[in-house]
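Participant: Quick one: structure below, then a few questions.
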Amino acid sequence: MRSRVSAYAIAVMEERLLLTQLADSSPVFEPGLWHLPGGGVDPGEQPYETLGRELYEETGLEVLDARLVDARAYTAHRLGIDWHLVGLFYRVDVKPAPLVVTKAYDSTSAVTWMPLSGLRESRLSPAAVDSLAMIGAR
C-alpha cells in the first residue's frame, strides 16, 4: 500500500465551487470525476506550498488566503496500486483570473466553476463530496 498526503483547495465564488476534472492519468481517484484542485505534497514541500503550486498548475489561479479546515483519509485502488491518502482541506480565496490548466498532460483535464445547486455527488470524487459538508452545502 502506498501513502500520500495531499493539499486541496476549497474555493467558492458566487455560489460556485472550483472543480477540476480528473484525467486518465489520475493516480488515486477515477478519471472523469470532478475533484478539488490540489495534489500530493512533494518531499521537502510544506502543504501550503503544495496548495499554491497545485492550484496554479490545475487552474491558473493564485491563492490570496488559505485556512486549514479539515483533514480526511481515503483508501483507493487505482492502476494496480492500493492507496492510503490523507487529504488536507483548505478554504481558499483566489485572485480572479481566467481558468486554464497550466500543466498539460498531468492528472487534470479540465477546470470550471460549478454551481453548488447543480452538483451531483455521483460525478464528484470522494474528496469533493466531503468538501461540500465542510462549506455547509450538504
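The values are calculated or read from the model by the stated rules, or taken from the named source; none is laboratory data. The shown structure was predicted, so the numbers you read here are calculated from the model rather than taken from an experiment. Please note: Cβ atoms are built from the backbone with ideal geometry, for glycine as well, and neighbour counts cover all protein chains shown. When the accessible area is computed, the model is the full protein with side chains, heavy atoms only, and any ligands, DNA or RNA have been set aside. Shrake-Rupley method; radii C 1.70, N 1.55, O 1.52, S 1.80 Å.
Participant: If we keep just the residues of the stretch 1-26 that are open to solvent by 40 Å² or more (accessible area, probe 1.4 Å) and assigned to a loop (DSSP other than H, G, I, E, B), which is nearest to residue 96 (Cα to Cα)?
Facilitator: This residue is 14.
The rows are residues; the columns are (1) farther than 26 Å from residue 136 by Cα; (2) in contact with a Phe, Trp or Tyr (Cβ under 7 Å, 6 or more places away or on another chain); (3) open to solvent by 40 Å² or more (accessible area, probe 1.4 Å); (4) among the polar types (S, T, N, Q).
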{"site": "43", "(1), (2), (3), (4)": "yes, no, yes, no"}
{"site": "47", "(1), (2), (3), (4)": "no, no, no, no"}
{"site": "56", "(1), (2), (3), (4)": "no, no, yes, no"}
{"site": "67", "(1), (2), (3), (4)": "no, yes, yes, no"}
{"site": "74", "(1), (2), (3), (4)": "no, no, no, no"}
{"site": "83", "(1), (2), (3), (4)": "yes, no, no, no"}
{"site": "89", "(1), (2), (3), (4)": "no, yes, no, no"}
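Participant: Would you call residue 75 closer than 18 Å to residue 3 by Cβ and touching an Asp or Glu at 6+ places or on another chain (Cβ under 9 Å)?
Facilitator: When the stated conditions are applied, residue 75 passes them.
Participant: Further question on the same structure: Being outside any helix (DSSP H, G or I) and either surrounded by 22 or more Cβ atoms within 10 Å (Cβ to Cβ) or among the hydroxyl-bearing types (Ser, Thr, Tyr) (or both) is the requirement here; does residue 32 meet it?
Facilitator: no
Participant: Taking only the stretch 87-108 into account, find how many residues are over 26 Å from residue 14 (Cα atoms) and in contact with a Ser or Thr (Cβ under 7 Å, 6 or more places away or on another chain).
Facilitator: Going through the stretch 87-108 one residue at a time, the tally reaches 2.
Participant: Residue pairs, Cβ under 7 Å, 6 or more apart or interchain, first in the stretch 53-74 and touching a residue at least 60 places away in the same chain (Cβ under 8 Å), second outside any strand (DSSP E or B). List them.
Facilitator: Short answer, once both residue conditions are applied: 69/134; 70/134.
Participant: Can you pull out every residue in the stretch 104-132 that is touching an Asp or Glu at 6+ places or on another chain (Cβ under 9 Å) and open to solvent by 60 Å² or more (accessible area, probe 1.4 Å)?
Facilitator: Listed by number, the residues that qualify are 109, 115, 117.
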